[in-house]
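In what follows, a structure is listed as structure tokens, so that the remarks can point back to it.
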Ligand code: HSE
């Protein structure tokens, strides 16, 4: 496409993001892009746009030759994948915000783009308004990207902020996140970490060339965090955030997960409040860089969709440089994590699973320990997220296999065991 070509859009979905895009496009006439038809599921619902714009027939968009761009912002991942596949096979460029669909179908999506040679852009799928996919894709060389730590889910960050700073209870904070259009239609996807791990699956591809199913990435959400955990965090001068993290280990493999984590009050991610997201990238010579912006909501998400639509005018496509032009990195579960675990009863804690335990706090009603576990002790079972058990990672939680022997010795010496 050239910069003056008119973009005629077929839009799937008119929810929080779809309606946001409709309004944003009306305010950006210079883009020379207009929506010809919108396909919706529920024709009975009142919409803030002329009735003639809407249809329930997906074919009316997918097989209309005058439509050269399909924008897909629905939340049914299977239907979204079907739409994307048909659109690309019919010669249309596609823009999407469906993180679940992209994460679950990554290998097929890569294949479809190779077969058709057409652009499929999805900046809005991860961290909404923050242009993190394009930055990872274009700016960072594979060998130099040491680690990424990020807050990628706006709703959980909003809930944690409202609970711990405004003293709202969990349910009230969640309802507010729903009312403001941040939460998924099934909020369990936010609260239990599914949305964050889907986004992390997508970013791991653009950061490290990793192609994994979200099921293979260690994750949980904020569902088990208790007020007593926030009290401990405060005593230690930490915040609690749901953090997605990836780090290149000394052997070149990549450790990656999404778990609640203690965050020092003076580090950038601690400043990320409410529905904002943040990404800290650590790379070879630049050291740390911090990206910050709204991670959920109608206009912030629509702004990323708009930027993708605009990029189509100069034929921008993801090249998947880390996957195709470099030696892709592999995901590993062979490393250790330093964890804080709180619980009601010792009987739920399999002590033999810990490499070592550094602190025990057994006197209060709500007990906790701080110790080190191999990741296989977490991926293979659920003991750490059942029976009211809550796991929160320590600050700087990843311990490389190559460091474990020395650290274990030092920790046992400090504890007076040897
Ligand atoms: N439910 C998502 C969130 C929306 O809260 O981050 C943006 O992807």
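Computed from the coordinates by the stated procedures, all read-outs in this text should not be read as laboratory data. Since the structure is predicted, the reported quantities are computational estimates derived from the model, not experimental observations. Every residue, glycine as well, gets a Cβ built from its backbone with ideal geometry; the counts of neighbours run over all protein chains shown.
Summary table
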{"item": "Gyration tensor verdict on region 364-408 (Cα atoms; rounded if a/c is under 1.5, prolate if a/b is larger than b/c, oblate otherwise)", "result": "oblate"}
{"item": "Stokes-Einstein D for region 56-131, Kirkwood Rh over Cα pairs, 20 °C, 1.002 mPa s (µm²/s)", "result": "171"}
{"item": "Difference of contour (0.36 nm per residue) and Cα-Cα distance, residue 235 to residue 168", "result": "22.1 nm"}
{"item": "Ratio Rg/Rh [Cα only; Rh per Kirkwood] for the chain", "result": "1.00"}
{"item": "Potential lengthening between residue 215 and residue 179 on full extension [0.36 nm per residue; Cα-Cα distance subtracted]", "result": "10.0 nm"}
{"item": "For q = 0.21, 0.27 Å⁻¹, Debye-computed log10 I/I(0) when each Cα of region 5-54 counts as one equal scatterer", "result": "-0.73, -1.13"}
{"item": "Beta bridges per DSSP with both ends in region 254-386, % antiparallel, nearest 5", "result": "95"}
{"item": "Computed P(r) (all Cα pairs; region 7-125; 10 Å bins; percent)", "result": "14, 49, 32, 5"}
{"item": "When the convex hull of its Cα atoms is projected in every direction, mean area for region 226-353 (nm²)", "result": "12.1"}
{"item": "Cα-based helix-to-principal-axis angle, 154-165 vs the chain, degrees rounded to 10", "result": "50"}
{"item": "Crossing angle, helix 77-89 versus the chain [Cα axis fit, 0-90 degrees, rounded to tens]", "result": "50"}
{"item": "Within the chain, percent of DSSP bridges classed antiparallel, to nearest 5", "result": "70"}
{"item": "Normalised alpha carbon radius of gyration of region 132-291 [divisor 2.2 N^0.38 Å]", "result": "1.04"}
{"item": "Förster radius 30 Å - calculated FRET efficiency between residue 353 and residue 108, Cβ distance, rounded to 0.05", "result": "0.25"}
{"item": "For region 313-373 versus region 138-211, the gap between their alpha-carbon centres in whole angstrom", "result": "16"}
{"item": "Cα Rg, Dmax (largest Cα-Cα span) when computed across region 336-414, Å", "result": "12.4, 37"}
{"item": "Computed helical MRE - 222 nm, the chain, DSSP H runs ≥ 4 contributing -39500 (n - 2.57), nearest 500", "result": "-9000 deg cm²/dmol"}
{"item": "Protection proxy ranking, peptides 127-136, 61-70, average beta carbon neighbours within 10 Å, highest first", "result": "127-136, 61-70"}
{"item": "Sequence ranges 316-323, 407-414, ranked by mean other-Cβ count within 10 angstrom, highest first", "result": "316-323, 407-414"}
{"item": "Separation of the residue 395 and residue 223 label points, Cα + 7 Å toward Cβ, nm", "result": "3.0"}
{"item": "Region 204-265 - convex hull of the alpha-carbon atoms, volume per residue in Å³", "result": "104"}
{"item": "Relative packing of peptides 92-103, 204-215 - highest average C-beta neighbours within 10 Å first", "result": "92-103, 204-215"}
{"item": "C-alpha long axis of helix 106-116 to longest principal axis of the chain, angle in °", "result": "30"}
{"item": "Antiparallel content of DSSP bridges confined to region 7-125, in %, to 5", "result": "0"}
